[in-house]
Amino acid sequence: MTSKVDEALGYEQARDELIDVVRRLEAGGTTLEESLALWERGEELAKVCRRWLDGARARLDAALAEGETAEDEDGSE
């Protein structure tokens, strides 16, 4: 489950933290427990990023559809 703090993260913040998590996992040197905690945090951050990207896609699709509707009403192509 995503926390309220995660919901308040902007896309860039979540992405940057996710990059840091991946770097730490790739570097190794952490205990199994620390690695699992990092993995779980990375999963949550990836979900935050996905929600932002999905929202952006929906806004773009809506804007494109609105533009097509306006063109159809004007009779222009």
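Results, tabulated for the structure shown:
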{"read-out": "Carbon + sulfur, % of accessible area of the chain - ligands and nucleic acids excluded, 1.4 Å", "value": "54 percent"}
{"read-out": "Mean Cβ neighbour count within 10 Å, used as a protection proxy, ranking 28-38, 42-52 highest first", "value": "42-52, 28-38"}
{"read-out": "Per residue value of the accessible surface for the chain (all protein chains in place, 1.4 Å probe), Å²", "value": "80 Å²"}
{"read-out": "Extension gain (nm, one decimal) between Glu34 and Leu53, 0.36 nm per residue minus Cα-Cα", "value": "4.0 nm"}
{"read-out": "Mean separation of Cα contacts under 8 Å (6+ apart) over length of the chain, as relative contact order %", "value": "37 percent"}
{"read-out": "Segments 16-24, 64-72 sorted - mean Cβ within 10 Å per residue, highest first", "value": "16-24, 64-72"}
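The values are calculated or read from the model by the stated rules, or taken from the named source; none is laboratory data. Everything quoted here is computed from the prediction, not taken from an experiment. Note: ideal-geometry Cβ built from the backbone for every residue, glycine included; neighbour counts use all protein chains shown. Surface accessibility is based on the protein's heavy atoms, side chains included, excluding ligands, DNA and RNA. Shrake-Rupley method; radii C 1.70, N 1.55, O 1.52, S 1.80 Å.
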